[in-house]
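Quick notes on the structure that follows.
What follows is calculated from the coordinates using simple rules that are stated; it is not laboratory data. These numbers come from a predicted model, not from an experiment. Quick reminder, even Gly has a Cβ in these numbers, built from the backbone with ideal geometry, and neighbours come from all protein chains shown.
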Amino acid sequence: MSRVVRIAANTFREAVRDRVLYNLIAFALLLSGAAILVGQISVGIERLVVVNLGLTAVSLFGVVIAIFIGIGLVSKEMEKRTLYTVLSRPVRRWEFIVGKFLGLTGTLFVNTFFMAIGVFAALLYVSHKFQSSDAWILVALFFIVLQFLILCALALLFSSFSSPLLSAVFAFSLFVIGSFAEDLRGFARMSRGLAQGLATTAAYLVPNFSALNVIGQVAHEQPISAHLIAYNTAYALAYSAMAICGAVLIFERRNLK
Amino acid sequence: MVAIETINLEKTYAVGFWRKKPRVALRPLNLTVEEGEVFGFLGPNGAGKTTTLKLLMGLVIPTGGTARILGKNIDEAEIKAQIGFLPEQPYFYDYLTAKELLEYYAQLSGVEPKERTRKIEAMLERVGLKDAARVQLRKFSKGMLQRVGLAQAILHDPKVIFLDEPMSGLDPMGRREVRDLIEELKQQGKTVFFSTHILSDAEALCDRVAVIHQGELRGVGHVAELTSSVAGKVELIWNGSAVPDGFSALGAECHMSGETIRAVVPEVQQEAALEILRRERLRLNSLTPVRSSLEEYYVQKVSLAAKPAGAAR
């Protein structure tokens with residue numbers, strides 16, 4: 001287990017040294033600019049706009065990092081042959097994959113943590129005080145982190161067998177399709193025959209990112225049910241675990257040429 | 001005790017768009033390296049040296065056969081704590097400093113925390129990188145990277161060390177240092193298995209060598225045995241104005257320098273060459289056997305490939 005932690009820590013260090021966390025500066029500029037602007041032009045909906053904008057930005061920044069770092073986690077190591085001196089030690093291939101996954105999700109967690117502070121700071125700036133319904137923002141942020149878990153696992157899965165470019169295309173396509181998973185399920189229910197079978201299979205195969213998106217609800221101060229929190233948590237963990245298992249199975253059989 | 005053993009170890013890649021075309025990278029390889037030996041693995045580029053090393057490191061999955069290191073199957077991750085590996089033209093995490101990199105590898109190799117710092121500092125000193133310990137690897141020259149590579153390969157005090165072209169990219173001083181290091185490892189009783197195509201290094205360092213070409217083992221043995229198996233030659237030196245007729249028919253390589261003629265002929269043609277000199281009434285200055293070098297053995301084994309398959313046997 002300690003080897004997994006070492007690999008995760010090194011992955012985190014790589015992200016930090018490659019200045020991945022610099023995106024926080026762009027995020028801070030975006031959010032502070034938006035908060036000042038919203039404070040001046042909107043009346044009564046400042047909170048709604050800041051929560052919407054802030055959480056969407058947290059999600060988008062994280063998605064970009066998850067995809068663009070995730071797709072290179074294995075392929076970059078193979079291409080640069082840094083993997084040779086790692087796997088020639090008492091490190092099992094699954095430990096490498098899991099370590100890489102934990103390192104990237106750790107990076108995203110830290111990133112999201114600082115962004116969350118930014119969102120709450122902007123909220124305080126426009127609302128001048130916090131209210132009890134703001135706690136739901138934490139749930140929305142938790143769901144965003146769950147989205148990152150799934151995306152990291154998928155990016156890693158694709159990275160274990162295809163080129164970075166194709167992996168990016170696959171991961172981003174799945175993110176877009178998954179964001180409309182509820183619509184796809186609705187379409188499947190309305191279809192008939194073969195189309196229904198195909199649509200149902202696709203709807204349940206793609207990650208359901210739409211269920212993990214509660215930004216609109218929390219912006220309108222609507223509560224999130226405990227059932228949904230439990231269901232989404234279990235779903236994201238199970239989906240990520242399956243994707244990681246897939247990545248391990250593929251990677252175990254790969255020749256490092 | 002046997003340090004490295006390969007039993008019918010082979011690798012065939014499936015290539016082409018449909019991955020149906022086989023490309024043999026290594027034909028069934030049976031090789032044994034004893035503990036404490038320095039073993040040279042020789043062959044031209046693309047011969048299968050790196051493939052063999054990758055198979056032994058578990059980086060490539062064999063198509064057939066198996067291999068054992070220190071009596072344990074290479075699939076067992078634990079055995080890798082006893083192995084050090086330097087890949088060809090190594091590349092490391094360039095965002096790390098030399099010290100951080102060695103620390104990371106020491107952690108992965110299971111070096112005890114209390115010993116880690118001492119070992120890393122000693123190793124950096126040993127490979128001449130003490131002053132560059134806190135410099136990021138992206139600022140390192142090729143030679144410095146090779147030194148870091150050597151340091152990471154022996155940091156955890158492994159029993160068996162695999163070096164893939166360890167002298168590649170090094171200047172003469174660097175090569176000398178690597179040679180000294182290999183000698184030192186041998187004195188410590190380590191087993192060193194290294195691939196190279198620099199034959200003088202292999203000849204100077206190795207107890208035994210193997211020659212591989214086109215994925216096939218062409219010969220293996222002690223350097224002295226192998227070189228003595230090459231057909232001998234003799235060198236004749238005499239004074240004269242021209243090379244007598246008949247020498248070229250003996251397969252002689254002749255060189256003239258002023259009045260002195262030097263000819264190297266196969267040992268079996270020695271009597272015929274002397275007879276020509278006697279007939280021409282030329283006075284022989286010297287006759288010396290020419291010691292066969294590893295290069296001649298290597299060239300002989302590798303050039304077999306150029307002949308038809310039947311002739312190669």
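Quick look at the numbers
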read-out	value
B:GLU235 versus B:THR117: modelled label distance in nm, points set 7 Å from Cα along the beta carbon direction	5.9
GNM result for chain B, Cα springs below 10 Å: residue of B:ASP207, B:ASP180, B:ASP131 fluctuating most strongly	B:ASP131
Phi-based couplings in Hz for the range A:166-182 (Karplus 6.51, -1.76, 1.60; Gly and Pro marked x)	5, 4, 5, 4, 4, 5, 5, 4, 5, 5, 5, 4, x, 5, 10, 4, 5
Exercise: per-residue mean of other protein chain Cβ atoms within 10 Å, A:74-85	4
D_trans [Stokes-Einstein, Kirkwood Rh over alpha-carbon pairs] for chain A, 25 °C, 0.890 mPa s, µm² s⁻¹	126
C-alpha long axis of helix A:2-17 to longest principal axis of chain A, angle in °	60
Rounded FRET efficiency, nearest 0.05, which uses the C-beta distance separating A:CYS245 from B:TRP18 and R0 of 25 Å	0.35
Average beta carbon contacts from partner chains per residue of B:44-55, 10 Å cutoff	1
18 Å reach of a label modelled at B:ALA242, 7 Å along Cα-to-Cβ, counting backbone N of the range B:264-291	B:276-283
Virtual spin-label span in nm between B:GLU275 and B:MET1, 7 Å along Cα→Cβ	5.9
Net dipole in debye of the protein assembly as shown [+1 Lys, Arg Cβ; -1 Asp, Glu Cβ; about Cα centre; nearest 20]	940
Sparse-neighbourhood loop sites, chymotrypsin sites (Phe, Trp or Tyr not before Pro) in the range B:1-68 - DSSP loop, at most 16 other Cβ within 10 angstrom	B:PHE17, B:TRP18
DSSP-defined antiparallel bridges as percent of all bridges, the protein assembly as shown, nearest 5	70
Value of [θ]222 nm, deg cm²/dmol, for chain A, DSSP H segments ≥ 4, -39500 (n - 2.57) each, nearest 500	-26500 deg cm²/dmol
Cα gyration tensor shape for the range A:192-257, rounded if a/c is under 1.5, else prolate or oblate	oblate
Total charge dipole magnitude, the range B:192-299, about the Cα centre, Cβ charges on Lys, Arg, Asp, Glu only, Debye to nearest 20	300
Restricting the range A:1-79 to trypsin sites (Lys or Arg not before Pro) in coil, as DSSP defines it, with at most 12 other Cβ within 10 Å	A:ARG19
Where labels lie 7 Å past Cα in the beta-carbon direction, separation of A:PHE130 and A:LEU194 in nm	5.6
Inter-chain Cβ neighbour average for residues B:90-96, partner chain, 10 Å	6
Within the range B:30-111: Cβ-based charge dipole about Cα centre, in debye rounded to nearest 20 (Lys, Arg +1; Asp, Glu -1)	200
Farthest positive-ward along the range A:1-63 dipole, Cα basis, beta-carbon charges - from A:VAL49, A:ALA35, A:VAL4	A:VAL4
Acute angle (nearest 10 degrees) that the helix A:46-70 long axis makes with the longest principal axis of chain A, alpha-carbon atoms	10
Within chain B, helix-based [θ] at 222 nm, where runs of 4 or more DSSP H residues each add -39,500 (n - 2.57), nearest 500	-9500 deg cm²/dmol
At most 16 other Cβ within 10 Å, DSSP loop - trypsin sites (Lys or Arg not before Pro), the range B:1-33	B:ARG19, B:LYS20
Tilt relative to chain B, helix B:142-154 - C-alpha long axis, 0 to 90 degrees, to 10	70
